[in-house]
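The structure appears below as structure tokens.
The values are calculated or read from the model by the stated rules, or taken from the named source; none is laboratory data. Only a predicted model underlies this, so the values are computations on that prediction, with no experimental measurement involved. Using ideal geometry, Cβ is built from the backbone for each residue, glycine included, and neighbour counts are taken over all protein chains shown.
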Amino acid sequence: MLFDDEKHLSEFQLAMRQFRRHRFALFCVVLLAGLYLSALLAGFLAPYSYKSEARDYSYAPPSRVHFWEHGYLTRPYIYGTRLTFNEYYQRIYKEDRSQKYPVKFFVKGDPYKILGVWPSSTHLFGVDAPARLYLLGADARGRDVLSRLLYGGQVSLSIGLIGVAISFSIGLLVGGAAGFYGGRVDNVLMRLCEMIMMVPGFYLLLALRAAVPDSFTSVQVYVAIIVILSFIGWAGLARIIRGMCLSLRERDYVLAARSLGVSDARIILRHILPHTMSYSIFAVMLSIPGYILGESALSLIGLGIQDPYASWGNMLSEAMSIVRIHFAPWILWPAFLIFVTVMSFNVIGNTLRDCLDPMLRGEATRDAA
Amino acid sequence: MGRYVLQRLLVAIPMLLGMILITFILMRITPGNYLDTMKMDPQFSAETIERYQKLYQLDKPLWRQYLQWIFNVCRGEWGYSFHYNIPVAKIIGGRLLNTLILSLASFFLTWCVAIPLGIWAALRRDQWPDKVIQFGSYIFLSLPSFFVAMVLLFWASQTGILPLGGMYGPNFDRLSLGQQVLEVARHLVIPATALSLGSMAALQRIMRGNMLEVLGQKYILTARAKGLPEGRVIYTHALRNAVNPLITLLGYEFSGLLSGAALIEIICSWPGLGSLMLTAVRSKDIYLVMASMMMGGILFLVGNLLADIALAKVDPRIRYEGR
């Protein structure tokens with residue numbers, strides 16, 4: 001046959017082809033992969049634990065790492081720092097040139113657990129005590145900002161993924177059922193969705209958070225926040241899926257499956273929902289930032305992840321003071337990382353959508369749909 | 001037209017009841033009875049506690065409590081705030097107005113900037129103004145609004161041009177009406193800007209997309225072929241059709257504004273519904289939490305209703321669809 005060796009690409013595969021041409025989106029994918037990888041390896045990459053304090057180094061500026069000595073390139077080293085006060089009684093951190101502390105690699109430091117299971121205490125880099133290596137400065141209690149950023153990334157990034165996974169599952173099921181059955185079921189389910197979407201998101205977030213007992217441990221609060229965010233988020237996804245299913249159920253293969261006696265659940269799960277995937281993926285991409293921002297907002301006002309655990313929003317609550325930003329601008333790093341993460345998801349999501357839109361794709365040849 | 005409005009109103013009422021049900025359930029799943037706090041406080045006499053017990057029928061089954069709550073809400077009896085020591089109804093009104101002021105200011109700012117920018121970008125497609133605006137919009141879209149607020153507050157503290165939060169200075173009562181308006185406007189700049197930057201970016205992209213789609217239509221070609229001046233083609237013919245889908249966004253934008261406003265209010269110390277909600281949540285002032293949420297939901301409904309009416313006015317097809 002003439003067309004046997006032609007590759008029939010699915011809609012998703014066509015979109016992926018197009019996607020590869022957008023350099024900026026690819027860059028964002030790499031960026032996100034880097035962020036998530038660093039979150040996974042946080043224990044190893046961070047020189048200190050998230051709760052390792054050093055009150056003598058409160059708001060210490062980023063360490064000046066020296067690469068040159070006597071005009072020659074040497075192994076990087078830092079000097080110890082000493083806290084003094086200038087004539088206005090402001091804190092000044094001065095380098096103490098009496099002792100050099102070389103930056104060592106694969107050092108033994110604070111213990112942590114790889115992926116939460118295997119204990120280890122090897123860190124990628126560090127310096128000997130009593131000097132502290134603050135690549136990005138220190139916060140009020142002398143905790144290393146870089147370390148807390150890495151550990152905070154674990155929390156903030158994972159909440160985004162897990163929350164969206166839960167919402168997405170619920171949204172798929174509800175939307176699929178509503179779209180497939182139509183009529184009464186559809187009506188009831190959509191009214192339910194609208195009622196949930198009706199209350200302003202942040203208010204609902206706060207109210208649900210108020211319902212969480214004070215006695216919850218941090219881990220339980222973490223789970224509670226994920227549950228709350230998912231509860232708010234599934235309604236929007238369900239509506240989108242339902243719209244698609246309403247049109248998909250008229251397709252011929254659904255009729256064929258029905259006449260074969262395939263059960264409703266199987267039709268929805270195996271035949272209809274997979275066709276919503278390409279659209280759902282970018283809807284998911286565009287909603288992950290919402291979860292990350294939701295958790296950050298909660299932590300920012302003190303209702304989310306509590307001290308000593310780090311989360312990007314948590315770290316920013318310290319930055320809500322203008323005086324502190326003036327004297328220690330490095331406490332704003334979490335905001336920059338949130339921005340980068342959100343922007344990457346937005347760029348990838350929008351580019352995916354543009355790629356999936358057949359009008360914008362400009363490709364005439366396709367398997368007949 | 002009137003029939004359409006009536007239809008929408010009728011649909012809105014069960015939605016409102018449903019939302020009140022959700023807030024009621026939320027209140028009930030909160031551990032502890034608010035009356036326990038009352039009982040522990042020596043300020044409240046036994047008679048007052050009795051009275052509140054009767055009022056909220058806390059000894060009766062849940063469904064009766066729900067009906068009683070609805071009845072109370074309609075009567076204007078929205079519960080008592082323990083943090084502020086006054087009935088909830090009294091404190092909600094003022095705060096609600098402040099939130100509305102902030103939301104409306106942000107709303108106008110968004111639309112007045114985003115629409116012209118979107119049109120401009122569409123008209124200069126792929127030239128450098130468009131590219132700059134597109135890149136900028138990606139950035140502003142992703143900047144968390146609380147971060148923008150913090151940066152703006154920092155900038156204001158360095159330069160002293162704008163006030164650092166709150167809604168008015170200490171002098172307020174002694175100013176004339178015009179000066180009072182100006183004072184509030186000055187305090188509005190930072191919160192409204194922080195709030196609207198993100199929506200501006202999003203709306204601008206949508207506007208540009210719609211405009212490009214409309215400009216590709218055949219009737220635009222016809223209009224140009226007829227010899228109409230370019231200004232007329234764009235502003236009379238293209239713009240009207242491009243803006244149409246945006247009107248549906250109006251209602252959702254409003255509710256989204258309320259939500260976003262809450263966090264900005266907290267950061268900029270703007271005395272609105274959002275910061276009230278936060279105080280209520282922090283002090284476990286349950287009736288205040290519920291009332292704020294209900295208010296939020298009601299505003300959402302109103303916003304949607306207004307958006308539907310606006311859409312029906314602009315697009316006559318909607319009016320007759322429902323039949």
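Looking only at region A:308-324, decide whether some residue is modelled with pLDDT under 85 and over 27 Å from the mean Cα position of the chain (by Cα).
yes
Within the set of pairs 6+ apart or on separate chains, which have a first residue in region A:36-61 that is at positive phi, a second that is in a loop (DSSP other than H, G, I, E, B) and of a type in the set (A, V, I, L, M), and C-beta atoms under 8 Å apart?
Qualifying pairs under 8 Å: A:Tyr59/A:Ala140; A:Tyr59/A:Ala328.
Could you tell me whether region B:273-281 includes any residue that is facing chain A (nearest Cβ under 9 Å) and either over 18 Å from A:Gly304 (Cα atoms) or outside any helix (DSSP H, G or I) (or both)?
First pass over region B:273-281, keeping only residues facing chain A (nearest Cβ under 9 Å): B:273-274, B:277-278, B:280-281.
Checking which are either over 18 Å from A:Gly304 (Cα atoms) or outside any helix (DSSP H, G or I) (or both) leaves us with B:273.
Yes; the residues of region B:273-281 include at least one that is facing chain A (nearest Cβ under 9 Å) and either over 18 Å from A:Gly304 (Cα atoms) or outside any helix (DSSP H, G or I) (or both).
Check every one of the helices (runs of 4 or more DSSP H) wholly within region A:280-362 and list those with 1 or more residues that are within 21 Å of A:Ile232 (Cβ to Cβ) and touching a Pro at 6+ places or on another chain (Cβ under 8 Å). Reasoning before the result, please.
Values: elements: A:312-317, A:322-327, A:333-356, A:358-361.
So the answer is A:312-317, A:333-356.
Contact list please: Cβ distance under 9 Å, first residue in region B:29-49 and more than 20 Å from A:Ala210 (Cβ to Cβ), second residue at pLDDT 65 or above and assigned to a loop (DSSP other than H, G, I, E, B), pairs at least six apart or on different chains.
Note: pairs meeting the criteria are B:Gln43/B:Asn85.
Hey, does region B:206-226 have a residue that's closer than 30 Å to B:Val151 by Cβ, modelled with pLDDT of 85 or more, crowded, with 18+ Cβ neighbours inside 10 Å and touching a helix residue (DSSP H, G or I) at 6+ places or on another chain (Cβ under 6 Å)?
The answer is yes, given that some residue of region B:206-226 is closer than 30 Å to B:Val151 by Cβ, modelled with pLDDT of 85 or more, crowded, with 18+ Cβ neighbours inside 10 Å and touching a helix residue (DSSP H, G or I) at 6+ places or on another chain (Cβ under 6 Å).
Take B:Gly160 and decide whether it is within 30 Å of B:Arg124 (Cα to Cα), surrounded by fewer than 18 Cβ atoms within 10 Å (Cβ to Cβ) and within 14 Å of another protein chain (Cβ to nearest Cβ). Can you show your working first?
On the way: within 30 Å of B:Arg124 (Cα to Cα): no; surrounded by fewer than 18 Cβ atoms within 10 Å (Cβ to Cβ): yes; within 14 Å of another protein chain (Cβ to nearest Cβ): yes.
No, not satisfied.
What tally of residues in region B:167-185 results from selecting those that are within 24 Å of the chain's Cα centre (by Cα) and either exposed (fewer than 14 other Cβ atoms within 10 Å of the Cβ) or more than 17 Å from B:Glu265 (Cβ to Cβ) (or both)?
Of the residues in region B:167-185, 5 are within 24 Å of the chain's Cα centre (by Cα) and either exposed (fewer than 14 other Cβ atoms within 10 Å of the Cβ) or more than 17 Å from B:Glu265 (Cβ to Cβ) (or both).
Listed residues B:Ile234, B:Ile190; which is crowded, with 18+ Cβ neighbours inside 10 Å and in contact with a Cys (Cβ under 7 Å, 6 or more places away or on another chain)?
Values: B:Ile234 fails: in contact with a Cys (Cβ under 7 Å, 6 or more places away or on another chain).
The match here is B:Ile190.
Pairs needed: first member in region B:70-83, assigned to a loop (DSSP other than H, G, I, E, B); second member anywhere, β-branched (Val, Ile, Thr) and at pLDDT below 80; C-beta distance under 9 Å; at least 6 residues apart or different chains.
Going by the 9 Å Cβ cut-off, the qualifying pairs are B:Gly79/B:Ile286; B:Phe82/B:Thr37; B:Phe82/B:Ile286.
In region B:165-175, is there at least one residue being touching a Ser or Thr at 6+ places or on another chain (Cβ under 6 Å), more than 7 Å from every other protein chain (Cβ to nearest Cβ) and not in a helix (DSSP H, G or I)? Write out each step before concluding.
Step one: of region B:165-175, the residues touching a Ser or Thr at 6+ places or on another chain (Cβ under 6 Å) are B:165-166.
Pick out the ones that are also more than 7 Å from every other protein chain (Cβ to nearest Cβ) and you get B:165-166.
Checking which are not in a helix (DSSP H, G or I) leaves us with B:165-166.
Among the residues of region B:165-175, at least one is touching a Ser or Thr at 6+ places or on another chain (Cβ under 6 Å), more than 7 Å from every other protein chain (Cβ to nearest Cβ) and not in a helix (DSSP H, G or I), which makes the answer yes.
What's the total number of residues in region B:283-298 that are assigned to a helix (DSSP H, G or I) and more than 8 Å from every other protein chain (Cβ to nearest Cβ)?
Kept after step one, since they are assigned to a helix (DSSP H, G or I), are these residues of region B:283-298: B:286-298.
If we keep only those that are more than 8 Å from every other protein chain (Cβ to nearest Cβ) too, we end up with B:287-288, B:291, B:294-295, B:298.
Residues that pass the stated criteria total 6.
Output the residues belonging to region A:292-343 that are buried (at least 20 other Cβ atoms within 10 Å of the Cβ), more than 8 Å from chain B (Cβ to nearest Cβ) and of a type in the set (S, T, N, Q).
A:Ser299, A:Ser311, A:Asn314, A:Thr341
To keep it simple, each residue is scored yes or no on (1) crowded, with 17+ Cβ neighbours inside 10 Å; (2) among the aliphatic types (A, V, I, L, M); (3) within 14 Å of chain B (Cβ to nearest Cβ).
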site: A:Gly183; (1), (2), (3): no, no, no
site: A:Thr217; (1), (2), (3): no, no, no
site: A:Leu229; (1), (2), (3): yes, yes, yes
site: A:Trp234; (1), (2), (3): yes, no, no
site: A:Leu248; (1), (2), (3): yes, yes, no
site: A:Val262; (1), (2), (3): no, yes, no
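Name the one entry in A:Phe67, A:Phe106 that is within 30 Å of the chain's Cα centre (by Cα) and not in a loop (DSSP other than H, G, I, E, B). Outline the logic, then answer.
On the way: A:Phe67 fails: within 30 Å of the chain's Cα centre (by Cα).
After ruling out the rest, the residue left standing is A:Phe106.
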